[in-house]
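Student: Attaching a single structure in structure tokens format; questions to follow.
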């Protein structure tokens, strides 16, 4: 009987301690791409760079691994590295390439879904972007993604990918392709404890109190 009472008291203490104290946990956000975005029309033989000279831009999100403090709160942390390489993208017609009469501005929607793990919990992130190709420059942006919720060691972790502002190419030194500066992709992490049902918590505390009292008079 004494052993059962002692165990009940220990369980109560450990449960309360687990609520009050959190740990660091590792997380990994997997990569997406590299994905290339050629124009929708095959360049004619008379185009300046030839039929095979317009491969289009390349976009990639590189895998990232970090650690998260499970103390309740809101944190903004890195989830990926964005890589972007600009190359010629054909936006003329099947028979004429000349600007401006036969050249269009192109837009390429990006669907950059990728997997994520936090501790042993697994899920996926969804995030869209937009690549724009014009005669003068190309532009790349990402939008905020929807929230994905994970349950990790007694906590809810809600992860929301954050967007990146529209930015044009800045590095055109040397010949093509032109590698652009990398950018950090961030997310908002919201950590909240999983609620313990009141009856369960009171029962655990009650067992602990009874155990202490019985131990006192044993």
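Student: Take residue 189 and decide whether it is under 21 Å from residue 23 (Cα atoms), touching a residue at least 40 places away in the same chain (Cβ under 8 Å) and surrounded by 15 or more Cβ atoms within 10 Å (Cβ to Cβ).
Tutor: yes
Student: Hey, among 107, 149, 124, 165, which residue is in a strand (DSSP E or B), modelled with pLDDT of 95 or more and out of contact with any strand residue (DSSP E or B) (no Cβ under 6 Å at 6 or more places or on another chain)?
Tutor: 165
Student: Could I ask something else about it? Among the residues of the range 181-192, is any over 21 Å from residue 82 (Cβ atoms) and within 18 Å of the chain's Cα centre (by Cα)?
Tutor: Yes, there is a match, as at least one residue in the range 181-192 is over 21 Å from residue 82 (Cβ atoms) and within 18 Å of the chain's Cα centre (by Cα).
Student: Just to be sure, is residue 5 modelled with pLDDT under 95, under 29 Å from the mean Cα position of the chain (by Cα) and assigned to a helix (DSSP H, G or I)?
Tutor: no
Student: So, one more: Across the range 168-202, what is the number of residues that are part of a strand (DSSP E or B) and closer than 20 Å to residue 71 by Cβ?
Tutor: The number of residues fulfilling the criteria is 8.
Student: So residue 85 passes all but one of these: (1) closer than 22 Å to residue 50 by Cα; (2) in contact with a strand residue (DSSP E or B) (Cβ under 8 Å, 6 or more places away or on another chain); (3) outside any strand (DSSP E or B). Which condition number does it fail?
Tutor: (3)
Student: With respect to residue 73, determine if the residue is over 23 Å from residue 135 (Cα atoms), modelled with pLDDT of 95 or more and exposed (fewer than 12 other Cβ atoms within 10 Å of the Cβ).
Tutor: yes
Student: Continuing with the same structure: Given the conditions (1) exposed (fewer than 15 other Cβ atoms within 10 Å of the Cβ); (2) assigned to a loop (DSSP other than H, G, I, E, B); (3) within 25 Å of the chain's Cα centre (by Cα), report the number of the one that residue 136 does not fulfil.
Tutor: Answer for residue 136: the failing condition is (3).
Student: State whether the residues of the range 37-51 include one that is at pLDDT 95 or above, within 22 Å of the chain's Cα centre (by Cα) and closer than 26 Å to residue 157 by Cα.
Tutor: no
The values are calculated or read from the model by the stated rules, or taken from the named source; none is laboratory data. Because the structure is a prediction, the values reported are computed rather than measured. Positions of Cβ are generated from backbone atoms using ideal geometry, with glycine treated the same way; all protein chains shown enter the neighbour counts.
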